[in-house]
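Enquirer: One structure coming up, written as structure tokens, with questions to follow.
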Amino acid sequence: MIVGIDLGTTNSLVGVYQDGQVKLIPNAFGEYLTPSVVALDDNDEIIVGKIAKERLVTHPDRTLSQFKRFMGTKHELVLGNRTYKAEELSSFVIRKLVDDAESFLGEKVEEVIVSVPAYFNDAQRYATKLAGKFAGVQIDRIINEPSAAALAKRSMVNQEDQSFIVVDFGGGIFSLQSINQGYDFPRIL
């Protein structure tokens, strides 16, 4: 089984193409968006998503978010008593999404297609593939987010030639930190 993952800076989601249509897969809370947040619980176990996001306020020293910004760099982030690279933290998010997909679909997921920002360079794309490997799945393909949106739009209509604009208002693009890092605002691709 192959699923598609939008590995976002702020939120992530997973979907599958079945019966001629794309179906989003809900997480354990019945929600489609899973916060891209990783935390340690009181037993030093990794938790991901909504519960981890709630710990940003109560346990900020044991919770990390926005780590996707460091994909493909040597930057390390401290979580509890350990340090992690962004691809390791992203692997926890990927694993959570894959687990949710397997529970929903009743099948094992072994391959994924991941969408990444169009500005991701080779090091960031390689780090994304590593994240998949760390999560125990093979990333079959990496696709630019705007391209993924365009393909999804095309599959929703009668597939005639047409023109449209894709505007990326994702949390990682549409933020003050992105402006400070020199990314275009808003990013129109």
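The values are calculated or read from the model by the stated rules, or taken from the named source; none is laboratory data. The shown structure was predicted, so the numbers you read here are calculated from the model rather than taken from an experiment. Accessible surface areas use protein heavy atoms only, side chains included; no ligands, DNA or RNA. Shrake-Rupley method; radii C 1.70, N 1.55, O 1.52, S 1.80 Å.
Enquirer: Would you grab the residues whose amide H sits under 5 Å from the one on L79? Only those 5+ places off in sequence or on another chain, please, with H modelled 1.01 Å from N.
Expert: Counting only residues 5 or more places away or on other chains, the set is Y84.
Enquirer: Could you run the Karplus curve 6.51 cos²θ - 1.76 cosθ + 1.60 with θ = phi - 60° over the range 24-36 and give me ³J(HN,Hα) per residue in whole Hz, x for Gly and Pro?
Expert: 6, 10, x, 7, 4, 8, x, 9, 7, 8, 10, x, 7
Enquirer: Over the range 1-123, what is the relative contact order in whole percent, taking alpha-carbon pairs under 8 Å and six or more residues apart? Intermediate values should be presented prior to the final figure.
Expert: Values: 219 pairs, mean separation 37.9, N = 123.
Relative CO of the range 1-123 lands at 31 percent.
Enquirer: Assuming 0.36 nm per residue, please report the length gained on full extension of the stretch Q138 to E76 beyond their Cα-Cα distance.
Expert: On the way: separation 62, 0.36 × 62 = 22.32 nm, distance 2.38 nm.
That pair, Q138 and E76, stretches by 19.9 nm at full extension.
Enquirer: Want the number for F29 to D42: 0.36 nm per residue separation, take away the alpha-carbon distance, what's left?
Expert: Working: separation 13, 0.36 × 13 = 4.68 nm, distance 2.10 nm.
2.6 nm is the gain from fully extending F29 to D42.
Enquirer: Follow-up. Can you give me the % of accessible surface on the range 10-137 that is carbon or sulfur? Probe 1.4 Å, all protein chains present, nothing else counted. Could the numbers behind the result be given before it?
Expert: Working: 3330 of 6520 Å².
Of all accessible area on the range 10-137, carbon and sulfur atoms account for 51 percent.
Enquirer: In percent, how large is the relative contact order of the range 15-62, given Cα pairs closer than 8 Å and 6 or more residues apart?
Expert: Numbers: 49 pairs, mean separation 11.0, N = 48.
Relative contact order comes out at 23 percent.
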